[in-house]
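S.K.: Below is one structure. I have some questions about it.
The values are calculated or read from the model by the stated rules, or taken from the named source; none is laboratory data. Remember, it's a predicted structure, so these values are computed and weren't measured experimentally. Ideal geometry is used to build each Cβ from the backbone, glycine not excepted, and the neighbour counts take in all protein chains shown. What goes into the accessible areas is simple: the full protein's heavy atoms, side chains included, and nothing from ligands, DNA or RNA. Shrake-Rupley method; radii C 1.70, N 1.55, O 1.52, S 1.80 Å.
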Amino acid sequence: LAIHGVIALDVRESVMELPSFFGVVAYRVGNYVVTLDEIENGILRRNAAHPVTKVPLFDDDDPRLALCPSHVDARIHAALVCASTSCPPVAFYDADRLDDQLDAAADNYVGAEVEVDHDARVIRLPITFRYYEMDFGRRAGVELFLLNHTPSHDRPTLERAIAAKYDFAYHRYDWSLNSGTG
C-alpha cells in the first residue's frame, strides 16, 4: 500500500516529501477507510502510541478497534514496508502461511541487519527496535527476538554479546525510496 501511495502521489525521492504521507495515504478495508498509520499503529499494534507523536490514533470507542488482532506480533516490524531503503524487503503474504512467512521475514531481517561489534562492545541493529521496543517486550524482549531469529551460526556470538551486556547501537534510518519504487 505504501508503494502504491508513492506511485499515486508521484513521490520521487522519499516519502518524507509529503510530511504526513502515512497519515494521508488511505485505503478502504471493509466498511472503514484507514491510513497507513492507522493500519500499523492503530490496528496491527493494537492502538499503541504512535512512535513520533506518542499518542494512540483511535479513541476508545472507535469501531476500527474491532479490526485489531488479539495481541501485537513484533514480527510485523520485519514485514511492514514504508517504501524506504531502511525497510525490510517487500514480500507478499498468504493468510494460510502467515505464521511461517512472518518467521522467515524476521529471520531474514535479523540475519541481514543485526551485527555484533566486539571492539566497540555493541550490538548494531535497525532503529525499528528502538522505536518499537515495547512491542518486543522492552530490552529483554528485543534480546529474545534477536536470539530467536538469528542464524544458528551467529547465535553463539550474539549470546556472548548479550551475556556481556553490550549496548545497542542503532542504524540510521534511510528514508530514500527503496529500489522498485518511484
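S.K.: So Ser84 fits all but one of (1) in contact with an Asp or Glu (Cβ under 8 Å, 6 or more places away or on another chain); (2) under 19 Å from Arg138 (Cα atoms); (3) hydroxyl-bearing (Ser, Thr, Tyr); what number is the exception?
M.R.: In the conditions (1) in contact with an Asp or Glu (Cβ under 8 Å, 6 or more places away or on another chain); (2) under 19 Å from Arg138 (Cα atoms); (3) hydroxyl-bearing (Ser, Thr, Tyr), Ser84 misses (2) alone.
S.K.: Looking only at the range 86-104, how many residues end up being open to solvent by less than 50 Å² (accessible area, probe 1.4 Å) and of a type in the set (D, E, K, R)?
M.R.: The total comes to 0.
S.K.: Is it fair to say Leu67 is of a type in the set (A, V, I, L, M, F, W, C), free of Cβ contacts under 8 Å to residues at least 24 places away in the same chain and farther than 26 Å from Arg172 by Cα? So that I can check it myself, show each step before the final result.
M.R.: Values: of a type in the set (A, V, I, L, M, F, W, C): yes; free of Cβ contacts under 8 Å to residues at least 24 places away in the same chain: no; farther than 26 Å from Arg172 by Cα: yes.
No, not satisfied.
S.K.: Examine the range 44-58 for a residue that is open to solvent by less than 30 Å² (accessible area, probe 1.4 Å), closer than 22 Å to Gly141 by Cα and of a type in the set (Lys, Arg), and state whether such a residue exists. If you could, list the steps in order and put the result at the bottom.
M.R.: Going through the range 44-58, the residues open to solvent by less than 30 Å² (accessible area, probe 1.4 Å) turn out to be 45, 47-48, 50-51, 58.
Then drop every residue that is not closer than 22 Å to Gly141 by Cα, which leaves 45, 47-48, 50-51.
Still in the running and of a type in the set (Lys, Arg): 45.
Checked against the condition, which is being open to solvent by less than 30 Å² (accessible area, probe 1.4 Å), closer than 22 Å to Gly141 by Cα and of a type in the set (Lys, Arg), the range 44-58 yields at least one hit.
S.K.: Oh, and also: Among the residues of the range 69-80, how many are surrounded by 16 or more Cβ atoms within 10 Å (Cβ to Cβ) and within 23 Å of Gly30 (Cβ to Cβ)? Spell out how you get there, then give the answer.
M.R.: Step one: filter the range 69-80 for residues surrounded by 16 or more Cβ atoms within 10 Å (Cβ to Cβ), giving 72-80.
Add one more test, that the residue is within 23 Å of Gly30 (Cβ to Cβ), and what stays is 72-73, 76, 79-80.
Residues flagged as surrounded by 16 or more Cβ atoms within 10 Å (Cβ to Cβ) and within 23 Å of Gly30 (Cβ to Cβ) within the range 69-80 amount to 5.
For (1) acidic (Asp, Glu); (2) farther than 21 Å from Met134 by Cα; (3) in contact (Cβ under 8 Å) with a residue 12 or more places away in the chain, each residue gets a yes or a no:
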{"residue": "Asp10", "(1), (2), (3)": "yes, yes, no"}
{"residue": "Ser14", "(1), (2), (3)": "no, yes, yes"}
{"residue": "Pro19", "(1), (2), (3)": "no, yes, no"}
{"residue": "Gly23", "(1), (2), (3)": "no, yes, yes"}
{"residue": "Val29", "(1), (2), (3)": "no, yes, yes"}
{"residue": "Tyr32", "(1), (2), (3)": "no, yes, yes"}
{"residue": "Ile39", "(1), (2), (3)": "no, no, yes"}
{"residue": "Ile43", "(1), (2), (3)": "no, no, yes"}
{"residue": "Asn47", "(1), (2), (3)": "no, no, yes"}
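Yes or no, residue by residue, for (1) open to solvent by 30 Å² or more (accessible area, probe 1.4 Å); (2) farther than 30 Å from Arg12 by Cα; (3) out of contact with any helix residue (DSSP H, G or I) (no Cβ under 9 Å at 6 or more places or on another chain):
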| residue | (1), (2), (3) |
| --- | --- |
| Ala106 | no, no, no |
| Val122 | no, yes, no |
| Asp135 | no, yes, no |
| Gly141 | no, yes, no |
| His149 | no, yes, no |
| Thr157 | yes, yes, yes |
| Ala161 | no, yes, yes |
| Phe168 | yes, yes, no |
| Tyr173 | yes, no, no |
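S.K.: Still on this structure, I have one more. Tally the residues that are assigned to a loop (DSSP other than H, G, I, E, B) and surrounded by 15 or more Cβ atoms within 10 Å (Cβ to Cβ), restricting the search to the range 25-43. Give the steps one after another, and end with the answer.
M.R.: Residues of the range 25-43 assigned to a loop (DSSP other than H, G, I, E, B): 25, 30-31.
If we keep only those that are surrounded by 15 or more Cβ atoms within 10 Å (Cβ to Cβ) as well, we get 25.
Total satisfying the criteria: 1.
S.K.: Separate question: Any residue at all in the range 82-91 that is out of contact with any Lys or Arg (no Cβ under 8 Å at 6 or more places or on another chain) and within 14 Å of Leu158 (Cβ to Cβ)?
M.R.: no
S.K.: Do we find that Phe58 is assigned to a loop (DSSP other than H, G, I, E, B), of a type outside the set (Val, Ile, Thr), touching a residue at least 12 places away in the same chain (Cβ under 8 Å) and farther than 20 Å from Glu133 by Cα in this structure?
M.R.: Working: assigned to a loop (DSSP other than H, G, I, E, B): yes; of a type outside the set (Val, Ile, Thr): yes; touching a residue at least 12 places away in the same chain (Cβ under 8 Å): yes; farther than 20 Å from Glu133 by Cα: yes.
Yes: the conditions hold for Phe58.
S.K.: Considering the range 45-93 alone, what residues qualify as being under 23 Å from Pro126 (Cα atoms) and hydroxyl-bearing (Ser, Thr, Tyr)?
M.R.: Result: Thr53, Ser84, Thr85, Ser86, Tyr93.
S.K.: Could you run through the range 3-24 and say how many residues are in contact with a helix residue (DSSP H, G or I) (Cβ under 6 Å, 6 or more places away or on another chain), open to solvent by less than 20 Å² (accessible area, probe 1.4 Å) and in a helix (DSSP H, G or I)?
M.R.: Of the residues in the range 3-24, the ones in contact with a helix residue (DSSP H, G or I) (Cβ under 6 Å, 6 or more places away or on another chain) are 11, 15, 21-23.
Then keep just the ones that are open to solvent by less than 20 Å² (accessible area, probe 1.4 Å); that gives 11, 15, 21.
When the remaining residues are screened for being in a helix (DSSP H, G or I), the result is 15, 21.
Total satisfying the criteria: 2.
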